[in-house]
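The values are calculated or read from the model by the stated rules, or taken from the named source; none is laboratory data. Here the structure is a predicted model, which means the values were calculated and not measured. Ideal geometry is used to build each Cβ from the backbone, glycine not excepted, and the neighbour counts take in all protein chains shown. To get the accessible areas, we keep the full protein, side chains included, count just its heavy atoms, and leave off ligands, DNA and RNA. Shrake-Rupley method; radii C 1.70, N 1.55, O 1.52, S 1.80 Å.
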Amino acid sequence: MTNYEVLPDTDALAARAVQFISDAAREAIAARGRFTIALTGGSSPKKTYALLASAPATLDWSKAFMFLGDDRFVPYSSDSSNFEMCRELLLRHVPVPKEQIFPIRTDTATKEEAAALYAETLSEVFSAPLPGPPPVFDVILLGMGEDGHCASLFPGMPTLAVTDKWVVSSPPGTLPPPVDRVTVTFPVLNAARNVLFQVDGEKKASVVRDILEGGSAATVHPSSGVQPTNGKLLWLLDTAAASLLSK
Ligand code: 6PG
């Protein structure tokens, strides 16, 4: 049974997400001296980022290592760039050392090259030899699209079946923006210590129900495939997104 919590609105959802992230950061720093987190794009985490930015003392940023779980293969100057959104709302407001921020490169000749380089970055920062067991993030943040995708793992795509790579490229999904992507794979998501979904809005309610109560397949709704092997999984839902759940 997947753990979920229902919050009255998106402000409460963001406040709970910040609490989750800061608790995980404290534990990680106490246990291992640093905190590694993969941020997500989309609109769902925006309030969380703004809230973290407004109270920088919530976290010891000098020990934080910031990554992206996926990005659109567009220049950082583009409105569609996940990294730019994270930078604008969070990264430029908090005292995280620049050398501890790891965007997915989007200036390479191809998206495949960007994916391979990001895997190398992960390998170096986590001291995890490629292509061995994936790095273990302290927290991976995810949103979910109305089609059930998460990160840039889209329904029906071959990327869902990848088991031997940490980072892959992907053609656009069916939801906008229609641009190529680079994304971590299920092996990375499922190796994490904590995965936190933030999902709001009525439009996502039926997919939330199918995933949390209907046991839908990961090929249909990729977010179902996020089942950390040894880590914690928590879905934060607002009342609209949770409105079709049976209890
Ligand atoms: C992206 C994301 C993606 C996102 C979902 C939900 O690059 O688009 O990382 O997985 O989290 O599409 O997006 P919304 O929060 O905007 O609904």
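Filtering region 147-194 to residues that are touching an Asp or Glu at 6+ places or on another chain (Cβ under 7 Å), modelled with pLDDT of 95 or more, assigned to a loop (DSSP other than H, G, I, E, B) and within 14 Å of the ligand (Cβ to nearest atom) leaves 151, 152, 155, 171, 172.
Of all residues in region 17-35, those that are buried (at least 16 other Cβ atoms within 10 Å of the Cβ) and either over 19 Å from residue 104 (Cα atoms) or of a type in the set (Val, Ile, Thr) (or both) total 10. In region 97-116, which residues are assigned to a loop (DSSP other than H, G, I, E, B) and either free of Cβ contacts under 8 Å to residues at least 24 places away in the same chain or of a type outside the set (Val, Ile, Thr) (or both)? Correct list: 97, 103, 105, 107, 108, 109. Run down 38, 53, 14 and say which single residue is buried (at least 18 other Cβ atoms within 10 Å of the Cβ), of a type in the set (A, V, I, L, M, F, W, C), on the phi < 0 side of the Ramachandran plot and assigned to a helix (DSSP H, G or I). Selected residue: 14, the only one of 38, 53, 14 that is buried (at least 18 other Cβ atoms within 10 Å of the Cβ), of a type in the set (A, V, I, L, M, F, W, C), on the phi < 0 side of the Ramachandran plot and assigned to a helix (DSSP H, G or I).
If the condition is being part of a loop (DSSP other than H, G, I, E, B), more than 16 Å from the ligand (Cβ to nearest atom) and open to solvent by 30 Å² or more (accessible area, probe 1.4 Å), then region 1-11 contributes 1, 8. Filtering region 136-146 down to residues that are within 9 Å of the ligand (Cβ to nearest atom) and either in a loop (DSSP other than H, G, I, E, B) or of a type in the set (Val, Ile, Thr) (or both), which residue is surrounded by the most Cβ atoms within 10 Å (Cβ to Cβ)? Result: 144. Which residue, of 242, 217, is buried (at least 18 other Cβ atoms within 10 Å of the Cβ) and either out of contact with any helix residue (DSSP H, G or I) (no Cβ under 9 Å at 6 or more places or on another chain) or in a loop (DSSP other than H, G, I, E, B) (or both)? Just a single option satisfies the conditions, and that option is 242. Which residues, taken from region 117-135, are open to solvent by 40 Å² or more (accessible area, probe 1.4 Å), out of contact with any helix residue (DSSP H, G or I) (no Cβ under 7 Å at 6 or more places or on another chain) and assigned to a loop (DSSP other than H, G, I, E, B)? Result: 127, 131, 133. Summed over region 150-183, the residues that are farther than 18 Å from residue 221 by Cβ and either of a type in the set (Ser, Thr, Tyr) or open to solvent by less than 20 Å² (accessible area, probe 1.4 Å) (or both) give a count of 6. Scanning region 56-72 for residues that are under 12 Å from residue 37 (Cα atoms), part of a helix (DSSP H, G or I) and among the hydrophobic types (A, V, I, L, M, F, W, C) turns up just one, 61.
Okay, residues lined up against (1) of a type in the set (Phe, Trp, Tyr); (2) more than 20 Å from residue 179 (Cβ to Cβ); (3) within 14 Å of the ligand (Cβ to nearest atom); (4) touching a Gly at 6+ places or on another chain (Cβ under 9 Å):
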position: 41; (1), (2), (3), (4): no, no, yes, yes
position: 44; (1), (2), (3), (4): no, no, yes, yes
position: 60; (1), (2), (3), (4): no, yes, no, no
position: 63; (1), (2), (3), (4): no, yes, no, yes
position: 69; (1), (2), (3), (4): no, no, yes, yes
position: 77; (1), (2), (3), (4): no, no, no, no
position: 81; (1), (2), (3), (4): no, no, yes, yes
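Any idea which residue in region 188-214 is surrounded by the fewest Cβ atoms within 10 Å (Cβ to Cβ), counting only those that are closer than 24 Å to residue 132 by Cα and among the hydrophobic types (A, V, I, L, M, F, W, C)? In this case the residue turns out to be 191.
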